[in-house]
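What follows is one structure encoded as structure tokens, with my remarks underneath.
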Amino acid sequence: MAAFSGGERFPHLEVSSIEELRNNAKNTNTKRSTIVWLGVFKSWAKERGFSEAAETYDAFDLDKILEKFYCEVRNKDGGEYEPDSLRVMIAALDRYLKDCGYQKSIIRVRKFCKSKEVLEGKAKRLREDGKGKIETKQSSKFNARGGRTPVDQRKSGR
């Protein structure tokens with residue numbers, strides 16, 4: 001990126017310099033996660049006879065396909081993914097679609113509410129079956145030894 005080394009206040013940059021800056025802004029682990037989860041989706045789509053290019057579907061069709069994908073997705077040994085992994089998966093697929101110029105978010109747009117309900121239902125069932133973190137409502141501000149939790153101590157200023 002030699003374009004920044006000159007003394008001009010507003011140098012003319014090549015498109016490649018702009019692309020390089022855009023790519024540098026993306027976290028390496030985020031890129032890797034997107035590639036991995038996209039690969040999982042493409043493998044599933046190919047096996048089921050769907051197009052691997054998720055970005056080519058309209059919202060209605062993609063919602064139906066994602067419902068089925070979320071129900072059927074398993075890790076390589078056939079076991080269920082952790083509920084938190086499912087959350088990472090949908091974020092990665094949403095990121096990929098956004099990068100492809102897809103106009104709707106599979107996380108935030110109501111047209112994808114059915115597939116999202118399936119994913120949330122699956123995550124809930126997995127947690128109930130003992131997979132992943134168990135979501136509990138804290139009924140007491142005291143920990144098992146009777147003392148205040150660190151969060152409560154910070155809130156109260158002690």
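At full extension, residue 72 and residue 46 could sit 8.0 nm farther apart than now, given 0.36 nm per residue minus the alpha carbon distance.
When the pairs 68/116; 64/133; 26/98; 31/122; 42/68 are compared against a 21 Å limit on Cα-Cα distance, 64/133; 31/122 fall above it.
Working from Cα pairs under 8 Å separated by at least six residues, relative contact order for the range 26-129 is 35 percent. When Rg and the Kirkwood Rh are both derived from Cα coordinates, the Rg/Rh ratio for the range 34-81 amounts to 0.95.
Extent of the range 75-131 along its three principal axes (Cα atoms, max minus min coordinate, largest first): 37, 24, 15 Å. Which of the trypsin sites (Lys or Arg not before Pro) found in the range 42-108 are in a DSSP loop and have at most 16 neighbouring Cβ atoms, other than their own, within 10 Å? Of the trypsin sites (Lys or Arg not before Pro), the ones in loops of the range 42-108 whose Cβ has at most 16 other Cβ atoms within 10 Å are 74, 76, 108. Put a dot 7 Å past the Cα of residue 20, heading toward its Cβ, do the same for residue 108, and the two dots end up 3.1 nm apart.
Here is the tail figure for the range 26-129: Cα pairs spaced more than 23 Å apart come to 20 percent of all pairs.
Here, each number is a calculation from the coordinates, and none is a lab measurement. None of the values given here were measured: they were computed from a predicted structure. Because the Cβ atoms are built from the backbone with ideal geometry, glycine has one as well, and the counts that use them run over all protein chains shown.
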